[in-house]
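The values are calculated or read from the model by the stated rules, or taken from the named source; none is laboratory data. Bear in mind that the values here come from a model prediction, so they are computed numbers and not experimental data.
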Amino acid sequence: MTKTKDVMMAFLRLKYNKYIIVLALGVFIVGFLGDNSVVAHLRNKVRIGELKREVAHHIAVTKSNVEQIDKLQTDLKTVEKVGRERYFMKTADEDIFVLSDDVQTPESIIGNETVE
């Protein structure tokens with residue numbers, strides 16, 4: 001009787017071990033492999049944060065652009081200012097001088113000739 005009991009206990013222990021192994025393997029597969037894993041979930045949370053910051057940035061830029069468009073459509077002084085600053089436009093009685101900060105060497109003034 002004890003031998004039969006020992007065999008049954010060994011079988012039961014083995015049976016539960018199989019379930020534990022299968023359960024652990026299943027949790028590992030679901031938790032760490034595949035598209036719905038914990039790692040993918042954390043990666044997606046980080047990406048969502050980045051995208052929310054991008055959306056906030058683009059909303060701010062859009063708001064600024066809409067305000068500038070409204071100013072350009074309603075205020076002629078703004079149109080004149082943009083024309084003068086960006087496109088170097090002028091009235092008939094004005095002259096425009098564009099100043100440069102480039103350093104000029106004697107070779108660049110004369111050309112490729114060397115100065116002696």
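For this structure, a couple of remarks:
- Qualifying positions in the stretch 62-103 - of a type in the set (Val, Ile, Thr) and assigned to a loop (DSSP other than H, G, I, E, B): Thr91, Ile96, Val98, Val103
So that you can scan it fast, the table gives a plain yes or no per residue for (1) at pLDDT 85 or above; (2) at negative phi:
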site: Phe28; (1), (2): yes, yes
site: Asp93; (1), (2): no, yes
site: Val103; (1), (2): no, yes
site: Gly111; (1), (2): no, no
